[in-house]
Amino acid sequence: MSQIQIGLLLLLLTLLGVVGYNVYLKEITPNEISYTEFMDKLQKGQIKSVHLRGGAVEGEDIGKQSFSSYIPDVPETITILKEKSVQITAEKDNENIGGFLKSMVPVFLILGGYLIFSRTQKGSGSAGLGKNKYSSFVPSKNTKVSFEDVAGISEARSELIEIVESLKNPDKFSSLGGYIPKGVLLQGPPGTGKTLLAKAIAGEASVPFFSIGGSDFVEMFVGVGASRVRELFTEAKKNAPAIIFIDEIDAIGGKRSGGNATGSNDEREQTLNALLVEMDGFNSDQTVIIIAATNRPDMLDPALLRPGRFDRQVTINLPDVKGRRKILEVHAKKIIMQPGINLSEIARSIPGFSGAEIANLVNEAALMAARHNKIAVELSDFEEAKDKISLGLERKNVVINETIRRVTAYHEAGHAITAKLLPETDPVHKITIIPRGRALGLTQQLPLDDRYTYSRNYLINRIKILMGGRVAEEIVFGHQTTGASNDILTATDIANRLVCEFGMSQAIGPVAYIQEQGGFLGGSTITKPYSEKTAENIDREIKRIIEECYQETVELLTENNKFLHKLAEALLVNETVDGEEMDIVHYCYMNEKRIEKKFMKNHKEG
Ligand code: ADP
Ligand code: ZN
């Protein structure tokens, strides 16, 4: 039987039940008499007792016959009842609700039956009622979410495909020596498509999808969260292979407090413990993959990230221009657009928008067009929708201010150019001005090979690269921002180790004032005792190294400031620039420089 057929059948049963029950209620209702008849009996002293509920009256006469009636004027009648010394009982008037509830009894019964029925069904439809808060997702043709629906996930793609493969063919996968992942943590800001992606994995693998939100556990009675977790896992295992999706896992998986646990913390810890127990207690033949989402990975209890738990982590960032265009394309398919609308242009005009906000933008644009009675969505509708959404975002302070964007572009370009121009550095992999976490931007370098030893030059150049951000800001804008404070901290740390740990400073000499203990665990360090004077020397030496590095970086970036402007401009347009693209910018810059030199030479000669 299909879901629709079952639904129709239940509806029919419900109707029959309601009719039947009301007939039955009539049956047990005592003999109804008119008010006139009632008053007549009362005046004649034939009434023994009455029970009042508002105007409704039920009673017994002296012949032990029960009756019921309705009194239009209760206070007056009560006076007479008292006069005739009739025994009176009464209750609050909730006759209407009571009657309604009574007639609804069969509906409740059947609904309850349906819930139990649907729970026993394999991979049943979405049951979001009562005890069963999680819903299961059935991959049917019209609800199927696929990777096609999630745009801009190319970076995580191979990892995701592996997960899908292991769900589709668990035996084949493990016999090839593959390790079936158990827990996958999707981390990234809200609205970046984490839920969508989890559904897409389930859709691609054609497995049932069980989901529960972390906030479902909050403000629950003690013990309920834990039992719900166990229930969820039992259900998922019954339907294996399956996916369990836990949204906002930080709500239960936040760092455990230890000491001062309040009631709600207690509940949270119980829930978290239940989750850990369930995750550890899997057989290998039960392929259930748990996908959790969070935008606060730093808040998670480390126990969750241990091997065999959420040991796979996929980071999803806010989309860059290209990603935003792809997301626009996905959602634009659902609306009728005027031909010739340039989606790239729209994508460029909405920096900082998440996937959810882009979906919202397309939807709003369609609404705008409908409001103006248009037959297709036009660019002006997108503009109008954008303004409306941006306004809301501005109130939430998430729209990136243009000035901050410019400063960030120059800051990151400063890091990248220093890395590019200096020898003995790791190649630049990617530069971005898309904010992630608290950082406004990021410059990523990837080492060519695993390095075990570092040369002095390498370390000095690292300090210069770190300085590059602040130096670029200084050269271009003439002022400093706090954006570089983390860089300065790291640079100071490197200089400190250079002097105290690696013995690479001439002034101090090859003496280590710090020794590492615990070997590869990288644990504690002990400090070799040294005199006040040595301490002063060390401080002076660190300061000298930092200042020298800073000065040399100023020279480097001033000399190449055209490169700096070019790269910053590329960043402002594209938001992310990878190593190859940076090489192209560098090539153009070098070319122009050569032509300029030639021109100057000719000019002098001529
Ligand atoms: P999250 O779980 O990260 O908060 P959601 O998955 O709930 O985000 O995203 C909400 C909606 O935004 C999705 O249903 C989808 O319509 C849209 N969306 C978000 N990211 C993308 C994306 N990468 N591609 C297409 N649509 C997206
Ligand atoms: Zn920086």
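Within 15 Å of ligand 2 (Cβ to nearest atom) and at pLDDT below 85: is that true of ALA439 in this structure? Considered against the rule, which asks whether it is within 15 Å of ligand 2 (Cβ to nearest atom) and at pLDDT below 85, ALA439 comes out as yes. Within segment 293-313, the set of residues being among the aliphatic types (A, V, I, L, M) and crowded, with 19+ Cβ neighbours inside 10 Å comprises ALA293, LEU300, LEU304. The C-beta contact set for segment 292-303 (first residue in the same structural domain as PHE209 (by TED's automatic domain parsing) and at pLDDT 85 or above, second residue polar (S, T, N, Q) and within 12 Å of ligand 1 (Cβ to nearest atom), distance under 8 angstrom, 6+ apart or interchain) comprises ALA293/GLN187; ALA293/THR195; THR294/GLN187; ASN295/GLN187; LEU300/THR294. With respect to the conditions (1) closer than 30 Å to ALA226 by Cα; (2) within 15 Å of ligand 1 (Cβ to nearest atom); (3) touching a Leu at 6+ places or on another chain (Cβ under 9 Å); (4) modelled with pLDDT under 90, ILE350 falls short on a single one, namely (1). Against the test of being within 15 Å of ligand 2 (Cβ to nearest atom) and at pLDDT 75 or above, the options TYR454, TYR410 yield a single qualifying residue, TYR410. Kindly indicate the residue of segment 144-160 that is modelled with pLDDT under 85, out of contact with any strand residue (DSSP E or B) (no Cβ under 9 Å at 6 or more places or on another chain) and part of a helix (DSSP H, G or I) and also surrounded by the fewest Cβ atoms within 10 Å (Cβ to Cβ) among those meeting that condition. Selected residue: SER158. Cβ-Cβ distances below 9 Å connect the following pairs, each with a first residue in segment 25-36 that is at pLDDT below 55, a second residue that is part of a helix (DSSP H, G or I), and a separation of six or more residues or different chains: LEU25/GLY99; LEU25/LYS102; LEU25/SER103.
Out of everything in segment 376-407 that is outside any helix (DSSP H, G or I) and not hydrophobic (A, V, I, L, M, F, W, C), what residue ends up being modelled with the highest pLDDT? Checked segment 376-407; the qualifying residue modelled with the highest pLDDT is GLU378. Of the residues making up segment 471-486, those that are in contact (Cβ under 8 Å) with a residue 60 or more places away in the chain and not aromatic (Phe, Trp, Tyr) number 9. Out of all the residues in segment 38-69, which are of a type in the set (D, E, K, R) and either touching a Ser or Thr at 6+ places or on another chain (Cβ under 6 Å) or outside the structural domain of ALA90 (by TED's automatic domain parsing) (or both)? Selection gives GLU58, GLU60.
For ASP449, state whether it is buried (at least 17 other Cβ atoms within 10 Å of the Cβ), modelled with pLDDT under 95, among the acidic types (Asp, Glu) and out of contact with any Asp or Glu (no Cβ under 9 Å at 6 or more places or on another chain). Spelling it out, it is not the case that ASP449 is buried (at least 17 other Cβ atoms within 10 Å of the Cβ), modelled with pLDDT under 95, among the acidic types (Asp, Glu) and out of contact with any Asp or Glu (no Cβ under 9 Å at 6 or more places or on another chain). Of the residues screened, LEU167 is not one that is surrounded by 18 or more Cβ atoms within 10 Å (Cβ to Cβ), aliphatic (A, V, I, L, M) and modelled with pLDDT of 85 or more.
Of the strands (runs of 3 or more DSSP E) lying entirely inside segment 38-77, those containing at least 2 residues that are touching a strand residue (DSSP E or B) at 6+ places or on another chain (Cβ under 6 Å) and of a type in the set (Ser, Thr, Tyr) are 66-70. Contact map, segment 355-372: first residue on the phi < 0 side of the Ramachandran plot and in a helix (DSSP H, G or I), second residue modelled with pLDDT under 95 and hydroxyl-bearing (Ser, Thr, Tyr), Cβ cut-off under 7 Å, separation 6 or more or different chains; pairs are GLY355/THR192. Could you check, for segment 384-406, whether at least one of its residues is touching a residue at least 60 places away in the same chain (Cβ under 8 Å), in the same structural domain as GLU575 (by TED's automatic domain parsing) and within 16 Å of ligand 1 (Cβ to nearest atom)? Checking segment 384-406: not a single residue is touching a residue at least 60 places away in the same chain (Cβ under 8 Å), in the same structural domain as GLU575 (by TED's automatic domain parsing) and within 16 Å of ligand 1 (Cβ to nearest atom). Filtering LYS533, LYS598 for residues that are modelled with pLDDT under 90, out of contact with any strand residue (DSSP E or B) (no Cβ under 8 Å at 6 or more places or on another chain) and not assigned by TED's automatic domain parsing to the domain that holds SER505 leaves a single hit, LYS598.
The values are calculated or read from the model by the stated rules, or taken from the named source; none is laboratory data. Values in this document were obtained by computation on a predicted structure and should not be read as measured data. Cβ sites come from the backbone with ideal geometry, for glycine too, and all protein chains shown count toward neighbours.
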